[in-house]
Each structure stands twice: as C-alpha cells, then as structure tokens.
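Only the coordinates and a few stated rules stand behind these numbers; no lab work does. Quick caveat: nothing in here was measured; it's all calculated off a predicted structure. Please note: Cβ atoms are built from the backbone with ideal geometry, for glycine as well, and neighbour counts cover all protein chains shown.
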Amino acid sequence: MADQWMRGAGTDALQGDEADGASKIASNATAYLQDPLDRCLHGYINGCKVAYASASTVTVGVGACIAANSTGLIHQMRRNTSAVTVDITTDLDTGSEAVSTRYYVWAIQDADTTTFTCKMSLSATFPTGVTYSVLLGELYNNAAGDIEQVKSSWSRESIGILTGTVAHAGTIPLPDGFTEAQCKWFVSINALVASQDQHATRAENLSCSADGTRVVTISELGGNGIIAANGTANYFIIGIK
C-alpha cells in the first residue's frame, strides 16, 4: 500500500490500559508511534533540489520526500533516482502559463508507486486536483514568460537568470527582485554595423564589453583609434541572493 502511516487515536498505546481494553491496542499503537513521526518527518525533503533548466523548465534533482494529504493525516514516502523535468507549459496543476507570476513546485505522490512526479501551481499551500503533495520550491515567470528566481523550499538561496540582446550603449536589465550588487554578467557580440574606416575590417579589431553599471560598449579599433560601433550584444546575467 502507498500509505506509510496514518494518524490513530488514544494514549498509552503499548500498555493497552484497562480504560481502552485490549481491542484498541492496535489503533492506540498507531497513535503512539505516529505522533513523533509526524513531528519529525512531516514535510521531510532530502535532495530534490529545484534548479533552473531553461526559460520554460526546471529540474527536480534526485532525492526523497514525504507528502501529506490536505489535512496532514496521511503521509506517503517516495524516492526518485533520476532527475525530473517540470515544464511550465505542460505541468501546471490547473490553467495555463501566466507571465509576471510566481509559481510553486510540488512533488505529487498520488500513484501507488515508489517514485513521485512533479507539478507547478499558483498555490503555496496545496496544489489543485491532487491528494498527496509536498512543496519542493518556487520560481518566478517574468514578463517575457521566462523562468527566473528559482529556489528550493529548504534553501535560502534564490537564483535569477536573464538572457537576451542589448544595443550598443544600452544597459543589461536586472532579473526581477535582484539588485545590481547581487548579479554578475557577461556579453558577446550579436550583430555589428562597423564604421566606414578602412582599417577596421578585421575581426581582431572588434570589442564587446559591459562595465560595472551594466552599460554595454561595442567598439572597433580603426586607424584613428577606438571608434564606437553600432550593433547588438548577447548578454547573460545571473543573480544570487
């Protein structure tokens, strides 16, 4: 059976006292043994790290967890030996993908198996349409519909990742909820409109950089020195807090 333990009733379970009688020893023993398990193991997670995978997916790493029903009276124990990919377009508990929205990643243990599946939900308390679940982590789906700020529920660490392009003299945007001091970034040339300087046609004369305030410069080294060039840069920025 999938039920690993259930809440019973009564006290002095192992003694089978005179008030309860021998007929209630079994149910009392359930309560006697179950209460410490509830206190210690309710919401237990080992591993199962939620990590950024792409703009639309996260992965839940190898690990074990204990899920409960909505009342917390029945628990399930499950373990996965391989990572699970969770997709924001196909693995929602209900509805369709929304932007500028925080989602929560849940382990689902409804099937009578030794492993668990995963879903994303708008609810931080209990997902829709399931019986047994435990909260593994959360993420933010930004205005562009890209996942960022991925965090496991047992970790204080939050990660925000953005990628895209920015024009010369433009500023790399920050992941939502992060300050510049919490981020690192790098850039590379995406497209270049070079100057008319005949000495600036070789690739080794091109430069693409971003300064400490995230302002991007694309330049070329011509016969008359450094010349600002028009174009765009690819950027990758990651924030950790």
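Descriptive notes on the structure:
- Local electrostatic count at T114 - Lys and Arg +1, Asp and Glu -1, tallied over other residues with Cβ under 11 Å: +1
- Where GluC sites (Glu not before Pro) fall in DSSP loop in the stretch 84-166, at most 15 other Cβ within 10 Å: E97, E157
- Theoretical gain in end-to-end length, R102 to V62 [0.36 nm per residue, Cα-Cα removed]: 12.0 nm
- Length gained on full extension, S82 to L41: 12.5 nm, using 0.36 nm per residue less the C-alpha separation.
- Sites D211 and T94, calculated FRET efficiency, Cβ-Cβ separation with R0 41 Å, nearest 0.05: 0.35
- Alpha-carbon Debye profile of the stretch 45-156, log10 I(q)/I(0) at 0.10, 0.12, 0.13 Å⁻¹: -0.25, -0.36, -0.42
- Other residues with beta-carbon under 14 Å from the beta-carbon of N142 carry, at +1 per Lys or Arg and -1 per Asp or Glu, a net charge of -4.
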